[in-house]
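Student: Pasting in a structure now, in structure tokens, and then I'll have a few things to ask.
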Amino acid sequence: MPEPHLPCPCGRKLRGKLLAHADCCGRFLTDAQTPADVRAARVPDAETLMRSRYTAFGLGD
């Protein structure tokens, strides 16, 4: 898992700056106690879901 302050592997930007992992996909991936289908249900849109899945794959989650 990358450091929370480092840029998210998905590359999402806000106002031209890369979002930190903790502020982007990390919030959907780090809670190991919550089942994956419940975490996915909290994802606000399809693009965010796919970005978080890409990040999870890249991190081996």
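The values are calculated or read from the model by the stated rules, or taken from the named source; none is laboratory data. Predicted, not measured: the structure shown is a model, and the values here were computed from it. Cβ sites come from the backbone with ideal geometry, for glycine too, and all protein chains shown count toward neighbours. To get the accessible areas, we keep the full protein, side chains included, count just its heavy atoms, and leave off ligands, DNA and RNA. Shrake-Rupley method; radii C 1.70, N 1.55, O 1.52, S 1.80 Å.
Student: Six or more apart or on different chains, Cβ atoms under 7 Å: show the pairs whose first residue is in the range 1-30 and farther than 13 Å from residue 50 by Cα and whose second is open to solvent by less than 70 Å² (accessible area, probe 1.4 Å) and among the β-branched types (Val, Ile, Thr).
Tutor: Every condition considered, the pairs that remain are 8/55.
Yes/no matrix, rows are residues, columns are (1) modelled with pLDDT under 90; (2) surrounded by fewer than 17 Cβ atoms within 10 Å (Cβ to Cβ); (3) small (Gly, Ala, Ser):
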{"position": "2", "(1), (2), (3)": "yes, yes, no"}
{"position": "8", "(1), (2), (3)": "no, no, no"}
{"position": "14", "(1), (2), (3)": "no, yes, no"}
{"position": "23", "(1), (2), (3)": "yes, yes, no"}
{"position": "32", "(1), (2), (3)": "yes, yes, yes"}
{"position": "37", "(1), (2), (3)": "yes, yes, no"}
{"position": "41", "(1), (2), (3)": "yes, yes, yes"}
{"position": "45", "(1), (2), (3)": "no, yes, no"}
{"position": "51", "(1), (2), (3)": "no, no, no"}
